[in-house]
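First up is the structure itself, then whatever we jot down about it.
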Amino acid sequence: MKQVLVGKLVGFLALLWAPTAFAQKQTFYQDIQPLIHAKCAVCHRPGEATPFSLITYEDVTKRATFIKKVINAGYMPPWRADDHYVAFANKRSLTADQISAITNWIDAGLPKGKVRKEAEEQLLARVQAGTGYTRQPDLTLKVSKPFLHRGDGTERFMVFKIPFELAQEANIEALEFTSTNKKVIHHANFAIHQVDDPAISLTNTIEQVDLNAEDAWHYQEWLPYKKKMTYYGGWIPGASVETYPKDMGWVMPKRGVVLLTVHFGPAGKDEETINGVNFFFKKEPIKRVVNVISLGSGGIGQEEIKPPLFLFGGEVKTCSLKVAYQNKPITLLYAWPHMHQIGKEFTAFATVPNADTLPLVHIPDWDFRWQELYRYQKPVVLPTGATVNVVGTYDNTDANPMNPNKPAKLITSDGQMRSNQEMMTLILIYTTYEPGDENLRLD
């Protein structure tokens, strides 16, 4: 009799457990797709530099074994920043629980679950619009015709003029570089120039300039546009969308030009690209204007890098830069470190007299292929009297697998961002400081 009661009790408990276990079974559309879209499809989508997309169930399942391998190895999604040094809001790496969730789903046979196409359709619509943001852009300014990058193994530094005349000014919530083919692009920079004077024509000057060509002097035609720069931004491999808190941003002028500089890396075949900038508007007024400052190669203090970026073949060298800040306190929103292929470690911090060191960013294992515009989880306040320190280590030896030269040879720097040279640059995106900024959250 006792055995019968025990058997019934076990059976009853099994019935109670079964629905719970079933409810916890992970499926693609319910549990896995949101992770893949948030962490992987940022890059794994058409038009980006990655070789395949991870948007649909079919995209993911046919590469499930590979996905399981790279996420458990920590290779993907790529995230190079040291999270113990400073926390960033746009962290792309997976947590241990997220890795387990994807791995368990794969091991369980890739259950699809109830099909829900809404997320895929919305993401594909944004892909079609050329954006990695959460919604489609309010304005896209792009070149008037495709650019053909010849497959002759030659780097090209092209500058494109994109004129604009809007009905009214617009408050900017976010912006991003957009391209139909990022695989051939080393980096891009863009400057938005306000041109109020109607006597200055936006259209009767040259549309594009090859900075390495004999007729590069045509760039001088654009000098009348460059009297006032509203904003400066850019893109490097792996970078995400630049966004601002609700009361911060900058104002897009009614009339002007975008001067878009695109560095095309050497290519083995002809490639076409259409490049531009996406802008996202917001109705809230801009109470604090966002600005940009560039330190190091190509920016403030380039000549003060010690020792100079003169890297002999076979040597490992650490270079540093100190820039004193004497203006009013500012609130840092983003840090954008930049090195090239033989970079090994990047560190930036600020020292304040009679105070603690302020960590800015640390990349312990630099990888040129995966860079980022790092958004602070909590803003960093840079006070008057602080000194910004930038330290870069370079490995110009044959043992460095990322060294493009075998055998290793001299690599220099002139601040022009050529991929066969080196750089040590820190770009900081900031706004004016207000009491309480230390407690803001940017995630």
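The values are calculated or read from the model by the stated rules, or taken from the named source; none is laboratory data. No experiment lies behind these values; they were computed from the predicted model shown. Here Cβ is always computed from backbone atoms with ideal geometry, including for glycine, and neighbour counts include all displayed protein chains.
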field: Qualifying residue in the range 263-272 (condition: touching a residue at least 40 places away in the same chain (Cβ under 8 Å), acidic (Asp, Glu), more than 30 Å from Met402 (Cα to Cα) and assigned to a loop (DSSP other than H, G, I, E, B))
entry: no
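Criterion first (closer than 24 Å to Arg92 by Cβ, in contact with a strand residue (DSSP E or B) (Cβ under 6 Å, 6 or more places away or on another chain) and of a type in the set (A, V, I, L, M, F, W, C)) does Trp370 satisfy it?
So Trp370 fails the test.
For every residue, the table says whether it meets (1) touching a helix residue (DSSP H, G or I) at 6+ places or on another chain (Cβ under 9 Å); (2) surrounded by fewer than 15 Cβ atoms within 10 Å (Cβ to Cβ); (3) closer than 19 Å to Arg156 by Cβ.
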position	(1), (2), (3)
Phe190	no, no, yes
Trp222	no, no, yes
Ser240	no, no, no
Gly268	no, yes, yes
query: Does Thr261 count as β-branched (Val, Ile, Thr) and closer than 20 Å to Phe160 by Cα?
result: yes
statement: Over the range 390-422, the set of residues under 20 Å from Ile293 (Cβ atoms) and touching a Gly at 6+ places or on another chain (Cβ under 7 Å) is Val390, Gly392, Gly415, Met417
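The rows are residues; the columns are (1) surrounded by 12 or more Cβ atoms within 10 Å (Cβ to Cβ); (2) over 29 Å from Tyr219 (Cα atoms); (3) hydroxyl-bearing (Ser, Thr, Tyr).
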| site | (1), (2), (3) |
| --- | --- |
| Lys114 | no, yes, no |
| Glu120 | yes, yes, no |
| Leu124 | yes, yes, no |
| Asp138 | yes, yes, no |
| Lys145 | no, no, no |
| Leu148 | no, no, no |
| Gly151 | yes, no, no |
| Met158 | yes, no, no |
| Ile162 | yes, no, no |
task: Can you confirm whether the range 140-148 contains a residue that is assigned by TED's automatic domain parsing to the domain that holds Val241 and touching a Leu at 6+ places or on another chain (Cβ under 8 Å)?
output: yes
statement: Checking Pro163, Pro224 in turn, the sole residue that is at pLDDT 95 or above and in a helix (DSSP H, G or I) turns out to be Pro224
message: All but one of (1) part of a loop (DSSP other than H, G, I, E, B); (2) out of contact with any Ser or Thr (no Cβ under 6 Å at 6 or more places or on another chain) hold for Gly234; state the number of the condition that does not hold.
response: (1)
query: Can you name the residue in the range 347-356 that is polar (S, T, N, Q) and modelled with pLDDT of 95 or more and, of all such residues, is surrounded by the most Cβ atoms within 10 Å (Cβ to Cβ)?
result: Thr347
task: Starting from the range 199-224, take each residue that is in the same structural domain as Met158 (by TED's automatic domain parsing) and list its partners that are part of a loop (DSSP other than H, G, I, E, B) and among the β-branched types (Val, Ile, Thr), counting only C-beta distances under 7 angstrom and pairs at least six apart or across chains.
output: Leu202/Val195; His218/Ile206; Glu221/Thr205; Glu221/Ile206; Trp222/Thr205; Pro224/Ile200
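Quick one: in the range 426-443, which of the residues that are touching a Leu at 6+ places or on another chain (Cβ under 7 Å) and modelled with pLDDT of 95 or more is farthest from Trp250 (Cα to Cα)?
Leu426
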field: Condition check for Gly256: over 22 Å from the mean Cα position of the chain (by Cα), touching a residue at least 40 places away in the same chain (Cβ under 8 Å), part of a strand (DSSP E or B) and more than 30 Å from Asn400 (Cβ to Cβ)
entry: yes
message: Which count do you get for residues in the range 113-128 that are touching a residue at least 24 places away in the same chain (Cβ under 8 Å), at negative phi and in a loop (DSSP other than H, G, I, E, B)?
response: 3
- prompt: Going through the range 285-316 one residue at a time, which ones are without any contact (Cβ under 8 Å) to a residue 60 or more places away in the chain, surrounded by 13 or more Cβ atoms within 10 Å (Cβ to Cβ) and part of a strand (DSSP E or B)?
  reply: Ile300
- line: Here the qualifying pairs (Cβ atoms under 6 Å; residues six or more apart or on different chains; first in the range 354-377 and touching a residue at least 24 places away in the same chain (Cβ under 8 Å) and assigned by TED's automatic domain parsing to the domain that holds Leu428; second among the β-branched types (Val, Ile, Thr) and outside any loop (DSSP other than H, G, I, E, B)) come out as Leu358/Val380; His362/Thr347; Tyr374/Val361
- prompt: Can you name the residue in the range 378-409 that is of a type in the set (Gly, Ala, Ser) and in contact with a Phe, Trp or Tyr (Cβ under 8 Å, 6 or more places away or on another chain) and is also nearest to Pro308 (Cα to Cα) among such residues?
  reply: Gly392
field: Any pair with Cβ under 6 angstrom, 6 or more apart, that starts in the range 325-337 at a residue that is among the β-branched types (Val, Ile, Thr) and ends at one that is in a loop (DSSP other than H, G, I, E, B) and modelled with pLDDT of 95 or more
entry: Ile330/Tyr433; Thr331/Tyr433
message: Given (1) farther than 21 Å from Gly299 by Cα; (2) of a type outside the set (Gly, Ala, Ser); (3) buried (at least 17 other Cβ atoms within 10 Å of the Cβ), identify the lone condition not met by Pro364.
response: (3)
query: Of all residues in the range 86-112, which are touching a Ser or Thr at 6+ places or on another chain (Cβ under 9 Å), part of a loop (DSSP other than H, G, I, E, B) and buried (at least 16 other Cβ atoms within 10 Å of the Cβ)?
result: Asn90, Arg92
